[in-house]
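Take a look at the structure below.
We did not get these values from a lab; they are worked out from the coordinates using the rules stated. Model, not experiment: these values are computed from the prediction. For neighbour counting, all protein chains shown are included, and Cβ atoms are generated from backbone atoms with ideal geometry for every residue, glycine included.
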Amino acid sequence: MDVFLQVLANGVMLGGLFAIVSVGLTLIFGIVKVVNFAHGEFLMVGMYLTYLAVTGLGLHPFAALILVVPVLFLLGALTQRFLIQPLLAAGDHHIQIFATVGLSTVLINLALLLFGADIANTPPSGLRQPLQIGPVRVLLGQVVILGAAIVLVAGLQTFLARTRTGRAIRAVAQNRAAAELMGIDVNRIYALTFGIGAACVGVAAVLIAPLYPTSPNSGTYFVLIAFVVVVLGGLGSIRGAFVGAILIGLIDSVTGFYVGADMREVAVFGVFLAILILKPSGLFGRQLRLSHVSP
């Protein structure tokens with residue numbers, strides 16, 4: 001029983017990791033209706049910034065938040081304003097997808113140019129310390145990531161439901177034309193949303209960097225799983241992204257332990273294909289209507 005509980009605990013912790021990466025992606029898709037294929041590279045940029053802040057400035061990884069989050073917010077807002085916004089009027093979503101794929105390639109090659117292909121390891125600063133919680137053992141950094149994911153999801157839900165700006169964001173998600181008639185600056189909301197989504201992945205980068213090696217391809221695996229999570233939870237659903245992430249984390253952990261490590265991705269992407277076939281709108285989706293970004 002203890003072994004099974006440990007496997008479940010590992011799955012939940014892994015799910016928290018997937019959730020904190022996926023939340024920003026589903027927020028951007030839910031509002032701007034653009035699939036950001038550079039999301040993983042935003043994570044990679046944040047991990048390198050964390051590495052530089054810790055090794056170059058001597059900051060604790062948590063203190064790096066004050067640097068990484070604003071930079072990622074600015075990167076996201078500028079991406080929307082100067083890359084995505086000019087393409088929104090084209091009406092063809094494929095153009096926007098290709099644009100984010102191009103941005104992804106640019107960021108990877110820029111990282112290769114600046115840092116090379118060598119792996120950068122951010123000092124863990126105690127985040128790899130094991131914690132005994134009842135019959136299971138986890139790392140302090142894993143607990144922090146899970147807690148941060150819960151706080152991030154709850155904070156975004158509250159922001160969208162209780163604030164004037166949040167209600168404006170929800171209005172744009174539900175009906176852009178009607179929102180414009182009500183005096184909402186849709187382009188500003190899009191830039192703000194893209195910035196918030198990128199800032200969320202900045203938080204993820206700061207928490208992940210001390211636990212995982214940083215390289216130009218660091219974001220590739222995480223973003224692939226993030227897409228599975230977003231589809232499973234329901235496109236545009238923040239709550240769904242969290243639930244989907246926990247489920248994927250459990251599937252990954254249980255499959256890896258009881259079937260084999262080489263079968264984990266088979267199981268995860270098998271679930272992805274099954275969801276696409278049986279329930280394309282996801283667990284909390286509504287037939288691709290994206291108004292479910294509200295609580």
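Sorted fewest first by neighbouring Cβ atoms within 10 angstrom, Val136, Val21, Val101 come out as Val101, Val136, Val21. Only one item in (i) 0.97; (ii) 0.93; (iii) 1.05 matches Rg/Rh (Cα atoms, Kirkwood Rh) derived from the coordinates shown, and that item is (i).
Which order do Phe82, Phe62, Phe29 fall in if you start with the one that has the fewest other Cβ atoms within 10 Å? Before the final figure, lay out each step's value.
Values: Phe82 10, Phe62 14, Phe29 23.
The order, fewest Cβ neighbours first, is Phe82, Phe62, Phe29.
Note on Phe98 and Tyr258: their simple-model spin labels are 4.6 nm apart, each label 7 Å out from Cα toward Cβ.
Classify the stretch 1-101 from the C-alpha gyration tensor, please: rounded if a/c falls under 1.5, else prolate or oblate depending on whether a/b exceeds b/c. Intermediate results must be reported in sequence, preceding the final value.
Values: a/c = 3.26, a/b = 1.38, b/c = 2.35.
Judged from the Cα gyration tensor, the stretch 1-101 comes out oblate (a/c at least 1.5, b/c at or above a/b).
Peptides 198-206, 258-266 ordered by packing proxy, namely the average of other Cβ atoms within 10 Å per residue, highest first: 198-206, 258-266.
For Gly236, the residues 5 or more places off, or on other chains, whose built amide H falls under 5 Å of its own are Gly30.
Here is what passes the span test in the chain: the DSSP H helices with alpha carbon length of 18 Å or more along the helix axis and a Kyte-Doolittle mean of 0.5 or above are 2-32, 39-57, 65-79, 93-115, 140-162, 186-208, 218-233, 238-258, 264-278. Here the residues Lys279, Lys33, ranked from fewest to most Cβ neighbours within 10 Å of their Cβ, fall in the order Lys279, Lys33.
A crude spin-label estimate for the pair Met182 and Thr220, with each label 7 Å from Cα along the Cβ direction, gives 4.3 nm.
Where is the GNM fluctuation largest for the chain (alpha-carbon springs, 10 angstrom cutoff): Ile184, Ile169, Ile20? Sorting by GNM fluctuation, first place goes to Ile184. Of the residues Val12, Gly40, Gly147, the one whose Cα sits farthest toward the positive end of the charge dipole of the chain, with +1 on the Cβ of Lys and Arg and -1 on the Cβ of Asp and Glu, is Gly147.
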